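Enquirer: Here it is, the structure in full.
Every number in this text was worked out from the coordinates using simple rules, so none of it is lab data. Source: prediction; values computed, not measured. Here the Cβ is made from the backbone with ideal geometry for all residues, glycine too, and neighbour counts use every protein chain on show.
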Amino acid sequence: MMKYKKIISAFLMLAFVTGCMTTRTSSVYNDVKMEDGENPLCTIQIENTGWFLFDVIPLVCGDPRFPNDWSCRFFTNTITLENNLKVLEKEMDKYKTTRIANVNSLNKDNFYFCFLLFRRACLTSAVLLEEKK
Amino acid sequence: MFKIAKYTLYLLTITFLFSGCYSFDTSPMPVSEYDTLAGDNGLPKEHVIVENYGWYLFNVIPLVTGNVREKTRESIVFFRDDVTLSKLQNNLTKYAKQKGCRCADLTVDYNATCMLSMVPYVGTTFGILWYKELQISSTLVYQPSKEKQTMKQEMDVLLKSIPQGGSR
């Protein structure tokens, strides 16, 4: 019984402390166009989260090489705008477009346990547009 | 110890009963008939913000979220993930289509936290219980008819031609 409790606690702590790189997309537009009559392809939101000690020492962060894969990197700070834009570039390649609009980024920080543990998140959103013919 | 556990359970039950919320806010843009939005030639009509939030187990399993489906009485829904970009964007674009407008300046904001320190007796949940929130905002732009566009161009020319002068 104690063995199972330890496994469950370890699993919970792992779930609690892992970082993650996630991309959320939506191509639902109901035939509505974007500014200046542009045809949208996809709205995309990229989020990279990680945990830091005293907001300085990275413990675990999302891996930008494998978004949506629950993979993470230990003791490496990957929560950067550059990484988010690299993922955005990959998504643009996937949708075969070079046109983009409404690019917006935000940084979010939360601290816990009297400033000991920090959770950082970098979010970037954008709308991919169809190539002009 | 038992009392604290009991009150925590009551509080969680109450939280679940009243939490999960979907909102759709609009506001007319404070512009005149001949103003345009930077980067767009149309007339900005309304600014819209759509928001939904809910509670999840391990940040994956939805427990209770706001109900995004229209024409229903239930304001919350159990075990269905309605805090998604597709569902919120669907509602936003349906509204834009209804108004005969297109979307400009579409932005997305997302927040997820597993800490409930603001809830008394609950404190941290160590990654078990998560709160997720998604917001999407946009300006609805109306494309005026060609007649109005011509009128606007004529007005611009007229305004530029008025000589600037001081008082006598």
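Enquirer: Nearest 0.05, what FRET efficiency do A:R99 and B:Q135 give at R0 = 30 Å with Cβ-Cβ as r? Write out the running numbers ahead of the final one.
Expert: Details: r = 25 Å, r/R0 = 0.82.
That gives a FRET efficiency of 0.75.
Enquirer: Averaged over its residues, how many other protein chain Cβ atoms are within 10 Å of peptide A:37-44's Cβ atoms? Walk me through the numbers on the way to the answer.
Expert: Values: counts 6, 4, 0, 5, 0, 1, 12, 2.
Mean inter-chain Cβ contacts per residue within 10 Å come to 4.
Enquirer: Also, quick follow-up: Provide a whole-number value for the mean count of partner chain Cβ atoms within 10 Å of the Cβ atoms in peptide B:47-54. Numbers along the way, then the final one.
Expert: Values: counts 0, 0, 0, 0, 0, 0, 0, 0.
Per-residue shielding by partner chains comes out at 0.
Enquirer: Using the Cα centre of region A:18-129 as the reference point, and only Cβ charges (+1 on K/R, -1 on D/E), how large is the resulting charge dipole? Debye, rounded to the nearest 20. Display every interim value, and only then the final one.
Expert: On the way: 12 positive and 13 negative charges, 52 e Å.
For region A:18-129, the charge dipole is close to 240 debye.
Enquirer: First select every other residue whose beta carbon is under 11 angstrom from the beta carbon of A:N104; then total the charges, Lys and Arg +1, Asp and Glu -1.
Expert: -2
Enquirer: State the extension gain, in nm to one decimal, for the chain segment bounded by A:Y112 and A:E89, taking 0.36 nm per residue of separation less the distance between their alpha-carbons. Before the final figure, lay out each step's value.
Expert: Working: separation 23, 0.36 × 23 = 8.28 nm, distance 3.34 nm.
Roughly 4.9 nm would be gained on extension.
Enquirer: A further question on this structure: Would you order A:L88, B:L92 from fewest to most other beta-carbon atoms within 10 Å of each residue's own beta-carbon?
Expert: Values: A:L88 20, B:L92 25.
So the ranking, lowest neighbour count to highest, is A:L88, B:L92.
Enquirer: Over the whole of B:89-99, what's the average partner chain Cβ count within 10 Å per residue? Rounded to a whole number, please. Spell out each step's value before the answer.
Expert: Values: counts 9, 4, 2, 5, 9, 4, 2, 5, 4, 2, 1.
Neighbouring Cβ atoms belonging to other protein chains average 4 per residue here.
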